[in-house]
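To start, the structure itself, in structure tokens.
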Amino acid sequence: MKCPACESEMAVVDLPMVEIDRCGGCGGIVLDKGETEVIDSLGLAPVIEQGVARGGTTRTTAAHCYPCGQDMVALRGAGDIEYDWCAGCERLFFDRGELSELDAFVDL
């Protein structure tokens, strides 16, 4: 699958009970519907992002869901973290570091 942010090819990463897509270009993470709950319950966000901090560049364009062919909707979560959601397939896209940052805020 292409990365919703930078269009690089994403790598599939198999973890216990979940398979995620990670971009080697920009560090973004795509999660399919229901995977955020598994990741949160197992505390896998820091493992998935390998301890990276939130990226230095701010994306100025909408993330694009290539399987659905539509732009994703920007949402704000806990701690004012912005992530992207596809209305078609309900995938979530987190720019580099956003998943760990959201996880850290929610677990406080």
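Selection over the range 1-17 of residues that are buried (at least 18 other Cβ atoms within 10 Å of the Cβ) and in a loop (DSSP other than H, G, I, E, B) gives a count of 3. Mind checking which residues of the range 65-93 are at pLDDT below 90 and out of contact with any Asp or Glu (no Cβ under 8 Å at 6 or more places or on another chain)? Within the range 65-93, GLY77, ALA78, ASP80 meet the criteria. Of the residues making up the range 1-10, just one is more than 13 Å from the chain's Cα centre (by Cα) and either among the aliphatic types (A, V, I, L, M) or modelled with pLDDT under 90 (or both), namely MET1. Once the range 18-64 is narrowed to residues that are assigned to a strand (DSSP E or B) and hydrophobic (A, V, I, L, M, F, W, C), the residue that is modelled with the lowest pLDDT is VAL18. The set of residues from the range 84-103 being assigned to a strand (DSSP E or B) and surrounded by fewer than 22 Cβ atoms within 10 Å (Cβ to Cβ) comprises just one member, TRP85.
The values are calculated or read from the model by the stated rules, or taken from the named source; none is laboratory data. Predicted model only: the values in this text are computed from it and were never measured. Counting neighbours? That spans all protein chains shown, and the Cβs are built from the backbone with ideal geometry, glycine included.
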